[in-house]
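Q: Would you mind keeping the following structure in view while I ask a few things?
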Amino acid sequence: MANTVYNFSAGPSMLPKEALSAAGADILDYKGSGQSVMEMSHRSKVFIDIFEETKQSIIDLLKIPDTHETLFLQGGATTQFAAVPLNLIGGTGVADYAVTGNFSGLAYKEAQKYGKINLAGTSENTKFTYIPKQNALTLDPGAGYFHYCANNTIYGSEWKYIPDTGKVPLVADMSSNMLTREVDVSRYAVIYAGAQKNMAPAGVTLVIVRKDLAGKALPYTPAMLDYATLIKGDSMHNTPPCWSIYLMGLVAKWVKDNGGIAGMEQLKRERSELLYDFLDNSDLFSNPVNPKDRSYMNIPFVTGDPETDKKFVKEAEAKGLVNLAGHRKVGGMRASMYNAMPVEGAKALVEFMKDFEREYYAAPVVAVDVGDDDVTAEL
Ligand SMILES: Cc1ncc(COP(=O)(O)O)c(C=O)c1O
């Protein structure tokens with residue numbers, strides 16, 4: 001394995017070294033408390049201070065208004081696929097969903113257990129290579145809410161506009177682009193994001209809820225999914241994921257120290273432009289997504305030949321460019337470059353791709369035995 005490793009995993013993924021070192025330094029004795037954060041009571045003052053600091057940092061970074069509550073929950077974004085309809089569909093029994101990839105499809109399917117769910121827009125006809133335009137959305141003015149996934153982790157597309165749904169409350173899954181762009185939180189009823197891409201290790205889900213929408217959950221909603229209960233308990237209706245919350249605080253500090261959300265926006269542009277520019281000029285590699293809708297975070301690409309793709313993933317790994325296999329549903333490759341990925345990582349990847357392409361045309365791959373390993377990724 002190479003000395004420097006750049007991890008292109010779609011999640012869990014790279015975290016800032018500074019945050020990991022700070023956690024390492026505190027691991028046995030958090031600031032003279034004689035306890036690891038992993039051992040503390042979540043009701044103790046020392047942990048409550050950590051919790052409040054993390055919460056405030058997230059509120060500051062995203063400029064979350066007082067109208068909204070910031071929650072740190074368990075169960076991943078997948079649990080929110082159920083929590084959202086359970087909490088928001090009661091009034092009308094109807095919701096609109098846009099399906100632009102895998103996770104919005106799963107959210108759409110889950111919601112169908114709780115009411116009438118309209119397919120308000122989809123890009124399934126091209127295997128999710130684009131984001132439907134505003135005028136292609138079929139909106140029901142009587143819907144309880146409209147749900148979309150702001151960044152499609154597997155297919156590599158991203159909504160560059162906030163859908164205008166009139167009075168219908170907006171809900172967004174921002175699992176794979178949270179803290180990578182300015183968000184006008186006031187426009188949303190609910191925003192949720194699993195933390196394991198841009199914010200923290202797995203185990204905590206950031207959920208931002210407009211307070212006036214809580215308290216209307218369907219009667220059979222489990223307490224752990226009822227936003228009113230969770231807000232009342234300030235994320236501590238039960239034991240919260242203390243360690244992941246602590247790490248999220250350290251990551252939020254790193255984001256602040258590196259220019260805040262504006263700093264992250266600049267980094268994501270630099271990284272993704274390097275790779276997209278290369279892909280668009282390559283004879284061997286290509287990216288299928290409509291250029292205007294391309295994700296800054298998740299960049300899928302293929303050579304067009306599965307054997308060459310496998311060879312690429314293996315050789316890249318030997319050079320310290322790891323976790324580049326595409327999702328098992330789509331194959332090929334995918335480079336996920338979240339906030340903690342240095343621009344040098346994108347440069348190293350592009351340099352390797354150039355070398356690979358040069359060698360490929362010097363001696364094209366005919367049939368290469370790369371073994372039987374399944375090199376496709378899970379997320
Ligand atoms: C956009 C998006 N939504 C939802 C999920 C599911 O998240 P979790 O595994 O935290 O439930 C993922 C996971 O990768 C994702 O990328």
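Q: When you scan the stretch 24-46, do you find a residue that is closer than 29 Å to M297 by Cα, hydrophobic (A, V, I, L, M, F, W, C) and either touching a residue at least 40 places away in the same chain (Cβ under 8 Å) or not assigned by TED's automatic domain parsing to the domain that holds M341 (or both), even just one?
A: Step one: filter the stretch 24-46 for residues closer than 29 Å to M297 by Cα, giving 24.
If we keep only those that are hydrophobic (A, V, I, L, M, F, W, C) too, we end up with none.
Looking through the stretch 24-46, none of the residues is closer than 29 Å to M297 by Cα, hydrophobic (A, V, I, L, M, F, W, C) and either touching a residue at least 40 places away in the same chain (Cβ under 8 Å) or not assigned by TED's automatic domain parsing to the domain that holds M341 (or both).
Q: Residue under question is G90, and the condition is that it be in contact with a helix residue (DSSP H, G or I) (Cβ under 6 Å, 6 or more places away or on another chain), of a type in the set (G, A, S) and within 24 Å of D226 (Cβ to Cβ); does it hold?
A: So G90 does not fit the description; no.
Q: Okay, moving on. Does E110 meet the test of being assigned to a helix (DSSP H, G or I), within 16 Å of the ligand (Cβ to nearest atom) and open to solvent by 30 Å² or more (accessible area, probe 1.4 Å)?
A: Yes; evaluated as a whole, the condition is true for this residue.
Q: Taking only pairs six or more apart or across chains, which ones have beta-carbon atoms under 6 Å, a first residue in the stretch 293-311 that is outside any strand (DSSP E or B), and a second residue that is open to solvent by 50 Å² or more (accessible area, probe 1.4 Å)?
A: These pairs meet every condition: D293/Y130.
Q: Now, a different point. Considering the stretch 12-47 alone, what residues qualify as being assigned to a loop (DSSP other than H, G, I, E, B) and touching a Phe, Trp or Tyr at 6+ places or on another chain (Cβ under 8 Å)?
A: S13, M14, P16, S36, M40, S41, H42
Q: Ok, one more. Being more than 14 Å from the ligand (Cβ to nearest atom), among the hydroxyl-bearing types (S, T, Y) and not in a loop (DSSP other than H, G, I, E, B) narrows it down to one residue among S186, S235, S244; which is it?
A: Of S186, S235, S244, the one residue that is more than 14 Å from the ligand (Cβ to nearest atom), among the hydroxyl-bearing types (S, T, Y) and not in a loop (DSSP other than H, G, I, E, B) is S186.
Q: Looking only at the stretch 131-153, count how many residues are open to solvent by less than 60 Å² (accessible area, probe 1.4 Å) and part of a loop (DSSP other than H, G, I, E, B).
A: 10
Q: Now for a separate question. Only residues in the stretch 323-352 that are in contact (Cβ under 8 Å) with a residue 60 or more places away in the chain count as the first member; pair them with residues that are acidic (D, E) and not in a helix (DSSP H, G or I), Cβ under 8 angstrom, at least 6 apart or cross-chain, and list the lot.
A: Final answer for the pair search is H327/E378.
Q: Another question, if that's okay. Please go through the stretch 317-351 and pick out each residue that is closer than 17 Å to S286 by Cβ and in a helix (DSSP H, G or I).
A: Selection gives L349, V350.
Q: Another one. Yes or no: L250 over 22 Å from the mean Cα position of the chain (by Cα), within 20 Å of V204 (Cβ to Cβ) and assigned to a helix (DSSP H, G or I)?
A: no
Q: What pairs come up if the first residue lies in the stretch 152-165 and is at positive phi, the second is part of a loop (DSSP other than H, G, I, E, B), and their beta carbons are under 8 Å apart, counting only those six or more places apart or on different chains?
A: Cβ pairs passing all conditions: G156/N287; G156/V289; G156/S295.
Q: Here's a follow-up. So is L250 in the same structural domain as N152 (by TED's automatic domain parsing) and touching a residue at least 24 places away in the same chain (Cβ under 8 Å) or not?
A: On the way: in the same structural domain as N152 (by TED's automatic domain parsing): yes; touching a residue at least 24 places away in the same chain (Cβ under 8 Å): yes.
Taking the combined requirement at face value, the residue satisfies it.
Q: Then there's this: In the stretch 264-277, how many are within 18 Å of the chain's Cα centre (by Cα), open to solvent by less than 50 Å² (accessible area, probe 1.4 Å) and farther than 16 Å from M14 by Cβ?
A: Of the residues in that region, 1 qualify.
Q: If the requirement is being within 16 Å of the ligand (Cβ to nearest atom) and open to solvent by less than 30 Å² (accessible area, probe 1.4 Å), which of these qualifies: L88, L61, L71?
A: It is L71.
The values are calculated or read from the model by the stated rules, or taken from the named source; none is laboratory data. Being a predicted model, the structure only gives us computed values, none of them experimental. Note that each Cβ is placed from the backbone with ideal geometry, even for glycine, and that neighbours are counted across all protein chains shown. Heads up: the accessible areas ignore ligands, DNA and RNA and are worked out on the full protein's heavy atoms, side chains in. Shrake-Rupley method; radii C 1.70, N 1.55, O 1.52, S 1.80 Å.
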